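Working notes, beginning with the structure itself.
The values are calculated or read from the model by the stated rules, or taken from the named source; none is laboratory data. A quick note: this is a predicted structure, and the numbers were derived from the prediction, not measured. Note: ideal-geometry Cβ built from the backbone for every residue, glycine included; neighbour counts use all protein chains shown. Protein only, heavy atoms only, side chains kept; ligands, DNA and RNA dropped before computing areas. Shrake-Rupley method; radii C 1.70, N 1.55, O 1.52, S 1.80 Å.
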Amino acid sequence: MPDQTKPVIEISDLHKSYGQLEVLKGVHLTAPKGHVVSLIGSSGSGKSTLLRCCNLLEDSQQGEILFEGEPVRWRGVGAGRHPADRAQVIRIRTNLAMVFQQFNLWSHMTVLQNVMEAPLTVLRQPRDEVEARARALLEKVGIGDKANVYPAQMSGGQQQRAAIARALCMEPRALLFDEPTSALDPELEQEVVRVIKALAAEGRTMLLVTHDMRLAADVSNHVVFLHQGLIEEEGPPDAIFGAPRSERLQQFLSHSQTA
């Protein structure tokens, strides 16, 4: 059984390459229970890859990943390394619900069906229980009136909020957000930002990859700045945004403010 006194996610010396391209070069990361950890950095710095390695959507070649104190079991080494226990992978992915940049809703299902699908098919929970929870979550994210609508009939902001409701319906131990607002125009972005801020205020554990420095500053307990596959600087948001030490972080933040 996972140790619930341990951080939800612990990563130690993580390395990930695609052929000759080394994307992560030995990253250490901890996400304590109830904390929001934001990952910032330039495109290509390794943020999304790190998130996908956390959720075992990508195989890393070296390093340890622990979920609530339980280490991922591996088979093989280097480029041939893969998780050894399929049941463990499913359990970890179920408890680390991912919200993607492009929503990834099923177009042939209504919003309500999208939100209900995984608890019904993966967790095999009773339909009436799942439906009640799904409807409550759609209300929570502000789209309760869209339950019977198909994704194509909704705005991007509404679709992303449906994707968040879908993740929450699995009752995960942590939420992983991969640039949840970058595909949205500014007005729709604020709809999603409000939901993420409300979830942070509830004390949910979250790993958040974002280009929105204001969001990272507002919701995070800890901010990690990745540069060329390594953590260049990390700390509380006041220090990262108010008194950055490294020249690279200072440059990144100045460019972000003028972008």
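Values computed for the structure shown
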quantity	calculated
Top-ranked residue of segment 185-198 - restricted to ones that are over 15 Å from Leu208 (Cβ atoms) and crowded, with 18+ Cβ neighbours inside 10 Å, ranked as modelled with the highest pLDDT	Glu191
Residues of segment 51-74 that turn out to be within 15 Å of Lys25 (Cβ to Cβ) and among the hydrophobic types (A, V, I, L, M, F, W, C), as a count	1
Filtered residues of segment 147-166 (kept if open to solvent by 10 Å² or more (accessible area, probe 1.4 Å) and among the aliphatic types (A, V, I, L, M))	Val149, Ala152, Met154
Out of Thr181, Thr110, Thr121, sole residue that is more than 27 Å from Val36 (Cβ to Cβ), open to solvent by less than 60 Å² (accessible area, probe 1.4 Å) and not aliphatic (A, V, I, L, M)	Thr110
Selected residue [in contact (Cβ under 8 Å) with a residue 12 or more places away in the chain, touching a strand residue (DSSP E or B) at 6+ places or on another chain (Cβ under 7 Å), assigned to a helix (DSSP H, G or I) and closer than 19 Å to Ser43 by Cα] from Leu249, Leu226	Leu249
Search result, residues across segment 147-181 that are aliphatic (A, V, I, L, M), outside any loop (DSSP other than H, G, I, E, B) and over 29 Å from Leu50 (Cα atoms)	Ala152
Pair list, Cβ under 8 Å, 6 or more apart: segment 41-53 residue within 14 Å of Met213 (Cα to Cα), other residue surrounded by 23 or more Cβ atoms within 10 Å (Cβ to Cβ)	Gly41/Lys47; Gly41/Phe225; Gly41/Leu226
Selection status of Leu199, out of contact with any Cys (no Cβ under 6 Å at 6 or more places or on another chain), under 21 Å from Gly34 (Cα atoms) and part of a strand (DSSP E or B)	no
Exclusive hit being basic (Lys, Arg) and free of Cβ contacts under 8 Å to residues at least 24 places away in the same chain, set Arg214, Arg173	Arg214
Among the residues listed as Gly229, Gly242, the single one being of a type in the set (Gly, Ala, Ser) and either closer than 26 Å to Ile92 by Cβ or open to solvent by 80 Å² or more (accessible area, probe 1.4 Å) (or both)	Gly229
Selection from segment 12-71 of residues that are in contact with a Lys or Arg (Cβ under 6 Å, 6 or more places away or on another chain), closer than 26 Å to Leu199 by Cβ and assigned to a strand (DSSP E or B)	Leu39
Segment 126-146, residues that are buried (at least 18 other Cβ atoms within 10 Å of the Cβ) and not in a helix (DSSP H, G or I)	Val141, Ile143
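One line per residue, one yes/no per condition, for (1) farther than 23 Å from Gln158 by Cβ; (2) of a type outside the set (D, E, K, R); (3) assigned to a helix (DSSP H, G or I); (4) touching a residue at least 60 places away in the same chain (Cβ under 8 Å):
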position: Leu184; (1), (2), (3), (4): no, yes, no, no
position: Glu187; (1), (2), (3), (4): no, no, yes, no
position: Val193; (1), (2), (3), (4): no, yes, yes, no
position: Phe241; (1), (2), (3), (4): yes, yes, yes, no
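Residue-wise test of (1) in contact with a Pro (Cβ under 7 Å, 6 or more places away or on another chain); (2) open to solvent by less than 40 Å² (accessible area, probe 1.4 Å); (3) among the charged types (D, E, K, R).
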site	(1), (2), (3)
Val27	no, yes, no
His35	no, no, no
Trp74	yes, no, no
Ala79	no, no, no
